[in-house]
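Trainee: Dropping a structure here in structure tokens format, bear with me for questions.
The values are calculated or read from the model by the stated rules, or taken from the named source; none is laboratory data. These numbers come from a predicted model, not from an experiment. Note that we place each Cβ from the backbone using ideal geometry, even for glycine, and neighbour counts take in every protein chain shown. Calculation scope for accessible area: heavy atoms of the full protein, side chains included, ligands and nucleic acids excluded. Shrake-Rupley method; radii C 1.70, N 1.55, O 1.52, S 1.80 Å.
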Amino acid sequence: MTVSQEAVRGQPLGLRLALMLSAAVLAVLLIAGLAVNRIVSGSLEQELGAAERDRITVVAGAIGGVDLNAPRALHGVEVVLRRVAQTMRGHVQLIGPDGELLVDVGRLPPGVSTETIKEPVPGSDATLRIDVPRSDRAFLSIFNLSLLVAGLLAIVAVVAIALLLSSRLTRPLREVAAAAQRLGHGDLSARASGGPDRESNELAGAFNAMAERVQRSEMLRRRAASDMAHDLATPATVLESQLQAMVDGVVPADREQLDRARAAAGAMSGVIAQLGELVDAESGVLQRRPQLMPLGDLLAEVERAIEPLFRQRGVAIAVAQVPSTVQVEVDPTQVGRALRNVLANAAQHSPRGATVQVAMEAAADEAVVRVTDAGEGIAPEDLSHVFERFYRADQARGSGEPHSGSGIGLTIARELLAANGGRIAVERTGPDGTTFAITLPRVG
């Protein structure tokens, strides 16, 4: 595989889905973690700050009625404040009215963040000052660490689940890709199976339908190659034998022998001409030269051109009268060839002494030409394939004779009619014959 092909392939779809899902979950966790951190930090700071301030207010109120100038009373206050400092793990100071430091107890832990709270002592001008460590910091550190660990575990779990889910979701796609590779390598029986979801089933169904068409086209191509080889080999052998006999002097090189040689060459050129017609039909839109003409005139020209074939097969043709007001704007050469192919098909599948009916029905914007043969009808298994290129049933319908021709006459007719805005379909089929409906756009 080349470098450019590797670049086109890129990363596996399952991995990309897993990474995208993981990134989305990571972003959600990050935003949620930041929001929770801010909310918890603010709430905790408010709650702890209010609790500490309430405690200091209670202490300040308790010493408010004490005479701070009496040494004995001041000693009792110092004992109380020392216990407060130990309880709050802070530094407590009692400052007198003139700024004199009356009590200084407690010690802060080293390297901690502190908060200072001041509270006036009721009944005096003294101030109680307490420096306490920020207890919320330790809690928030533990809380944030817990959030981080939980987030990492969640990411690992999400990545694992995303890989599992993406693998299950893309499994039908991988199966279709594997089937396509097998089909590309020549395994025409390769088929894909969809997953439990509707989309993968639709994809697998579309692929299987395409594979069926490819397999059938290959089967028809091989059958056509074999038929073409037979159709060309028989007249070629006859022509070679005829010419060799004349060269060797076994038969005289008179008009009769030359006519036989010419007939064999004509059979070969007929097969080659049909292949050329198919190529021309598939590019009919590019070569189209439309003309406005009465449909009756076009049918009359086709009848005159096809009459020798009908006479040769012992089949009659009856064309209904078409009003001169029914006109079509088509390429007369292309549509005429299409009509001749349909009529030739009808003659081929009608027994000797039968009559092929050609009728016309005009509507406001289209005209329908119906060609009805006198065969035994089309088998149900062949009905959906009558317009496929190179398709031929095993036996001619109703004639009891092997098929002749290449199996592309109706394909050519369909392509030429489509190039001129028309269409062809099997309208009905049964033991009393088959009717082909040819629809052409009407002008006037």
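Trainee: Sort out which residues of the range 317-337 are assigned to a helix (DSSP H, G or I) and at pLDDT below 90, and write them in order of number.
Mentor: Within the range 317-337, THR333, GLN334, ARG337 meet the criteria.
Trainee: Name the single residue that is modelled with the highest pLDDT among those in the range 224-254 being closer than 30 Å to GLY409 by Cα and of a type in the set (D, E, K, R).
Mentor: Taking the candidates together, the pick is GLU240.
Trainee: Then there's this: Which residue pairs have Cβ atoms closer than 8 Å, lie 6 or more positions apart in sequence or on different chains, and pair a first residue in the range 306-321 that is touching a residue at least 40 places away in the same chain (Cβ under 8 Å) with a second residue that is of a type in the set (Asp, Glu)?
Mentor: Final answer for the pair search is ILE317/GLU303; ILE317/GLU307.
Trainee: Under 7 Å between Cβ atoms, which residue pairs at least 6 apart in sequence (or on different chains) link something in the range 362-389 that is under 15 Å from THR439 (Cβ atoms) and open to solvent by less than 60 Å² (accessible area, probe 1.4 Å) with a partner that is polar (S, T, N, Q) and at pLDDT below 90?
Mentor: Going by the 7 Å Cβ cut-off, the qualifying pairs are PHE387/THR411.
Trainee: With (1) open to solvent by 50 Å² or more (accessible area, probe 1.4 Å); (2) in contact with a Gly (Cβ under 9 Å, 6 or more places away or on another chain); (3) in a helix (DSSP H, G or I); (4) not aromatic (Phe, Trp, Tyr) as the list, and ASP125 as the residue in question, which single condition is left unmet?
Mentor: (3)
Trainee: Hey, another quick one. It is to be established whether one or more residues within the range 345-360 are modelled with pLDDT of 90 or more, among the hydroxyl-bearing types (Ser, Thr, Tyr) and in a loop (DSSP other than H, G, I, E, B).
Mentor: Yes, the conditions are met somewhere in the range 345-360.
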